Amino acid sequence: MSGKKNLNNYPVKKIIGKKIILRVLERGDLKRSLAWLKDSSVNMFLSQNFCDYTEEQELKWFKFIQSSRNDIVFAIKDINTNLHIGNCALHKINWGKGDCELGIVIGEKGYWNKGYGSDTIMNVTKFAMFELDLKSIKLNVYKYNRRAIKVYKKCGFKLIQTQKKNHLYNGKYWDTLIMELKKT
Ligand SMILES: CC(C)(COP(=O)(O)OP(=O)(O)OC[C@H]1O[C@@H](n2cnc3c(N)ncnc32)[C@H](O)[C@@H]1OP(=O)(O)O)[C@@H](O)C(=O)NCCC(=O)NCCS
């Protein structure tokens with residue numbers, strides 16, 4: 001961590017959108033989250049292949065996140081039913097430079113393509129920019145994840161770099177796109 005700012009200066013309350021409520025991830029959310037990570041039709045889009053991920057590894061990760069002043073993970077809840085449908089995160093928050101990395105997974109596949117991801121990203125990026133006072137949010141996305149790219153563009157992210165053919169999926173090498181949202 002650099003600078004005097006850290007997450008302790010920003011007690012995080014719930015973030016309320018049109019379709020979602022975001023609240024800080026709790027230990028009780030882990031079992032559900034692990035099932036999503038192990039689902040190959042979900043983890044094909046993620047930065048890591050979580051097929052063999054164990055409860056112990058997830059708990060270790062959760063303890064790290066809880067103690068980190070540079071990472072925050074939210075549970076995404078359906079505003080109408082309160083069902084936990086996914087997680088999103090601001091990682092590697094650099095308080096000095098004012099930047100971080102965004103991650104999102106909607107694990108409940110019945111909730112894909114219904115606007116929950118867009119609403120989550122709009123609200124979590126607003127929180128990062130205007131509550132945490134960050135200036136830039138970056139993310140990585142595989143070129144075959146056309147839905148995610150569409151959502152990121154809709155939320156204001158711009159392509160800043162293409163890492164050529166560095167990700168092996170389904171017998172083929174794919175590009176990874178680096179996108180950025182800047183505070184204007
Ligand atoms: C990516 C993800 C967060 C998007 O959230 P979502 O709630 O499904 O997306 P939304 O409904 O808000 O928006 C989807 C948009 O993509 C469009 N879309 C869907 N499939 C598409 C495709 N194959 N190609 C292009 N656009 C597509 C939809 O039409 C919609 O656009 P619109 O709002 O203009 O109608 C979610 O699907 C998810 O978590 N997927 C699995 C994990 C993942 O990919 N995480 C991101 C890793 S970088």
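The values are calculated or read from the model by the stated rules, or taken from the named source; none is laboratory data. Since this is a predicted model, take the numbers as computed values, not measurements. FYI the Cβ positions are ideal-geometry reconstructions off the backbone, even for glycines, and counts take in every protein chain you see. Just the protein is used for accessible areas: all its heavy atoms, side chains included, with ligands, DNA and RNA removed. Shrake-Rupley method; radii C 1.70, N 1.55, O 1.52, S 1.80 Å.
Please list, by residue number, everything in the range 90-113 whose backbone N is under 20 Å from a paramagnetic label point 7 Å out along Cα→Cβ of MET44.
Answer for this model: 104-113.
Grab every C-alpha pair in the range 1-44, bin the distances at 10 angstrom width from 0 up to the longest one, and report whole percents.
That works out to 20, 30, 36, 15, 0, in percent per bin.
Which pairs in the list LYS138/LYS165; LYS5/LYS77; LYS63/LYS135; LYS114/LYS153; LYS60/LYS114 are over 24 Å apart, alpha-carbon to alpha-carbon?
Table pairs above 24 Å Cα-Cα are LYS5/LYS77; LYS63/LYS135; LYS60/LYS114.
Only Lys, Arg, Asp and Glu count, each charged at its Cβ (+1, +1, -1, -1), so figure out the dipole size of the chain about its Cα centre, rounded to 20 debye.
The calculation lands at about 680 debye.
What percent of all Cα-Cα pairs in the range 130-184 falls in each 5 Å bin, counting up from 0?
Each 5 Å bin holds this share of Cα pairs: 5, 19, 26, 21, 14, 9, 4, 2, 1.
Give the residue from TYR53, TYR142, GLN161 lying farthest towards the positive end of the charge dipole for the chain; charges sit on Cβ (+1 for Lys and Arg, -1 for Asp and Glu) and the dipole is referred to the Cα centre.
Farthest along the dipole direction, towards plus: GLN161.
Which value, in Å², gives the accessible area per residue of the chain when a 1.4 Å probe is used on the protein heavy atoms?
That works out to 57 Å² per residue.
Given the DSSP H assignment, sum -39500 (n - 2.57) over each helix run of at least 4 residues in the chain and divide by its residue total; what's the result at 222 nm in deg cm²/dmol, nearest 500?
Rounded to the nearest 500, the figure is -7000 deg cm²/dmol.
Among ASP39, ASP78, ASP119, which one moves the most in a GNM of the chain with springs linking Cα atoms closer than 10 Å?
In this elastic network of the chain, the residue with the biggest mean-square fluctuation among ASP39, ASP78, ASP119 is ASP39.
Of the accessible area of the chain, with the probe set at 1.4 angstrom, what percent is carbon plus sulfur?
Carbon plus sulfur share of accessible area: 51 percent.
Could you calculate, for the chain, the ratio of the Cα radius of gyration to the Kirkwood radius, expressed as Rg to Rh?
Rg/Rh for the chain comes to 0.94.
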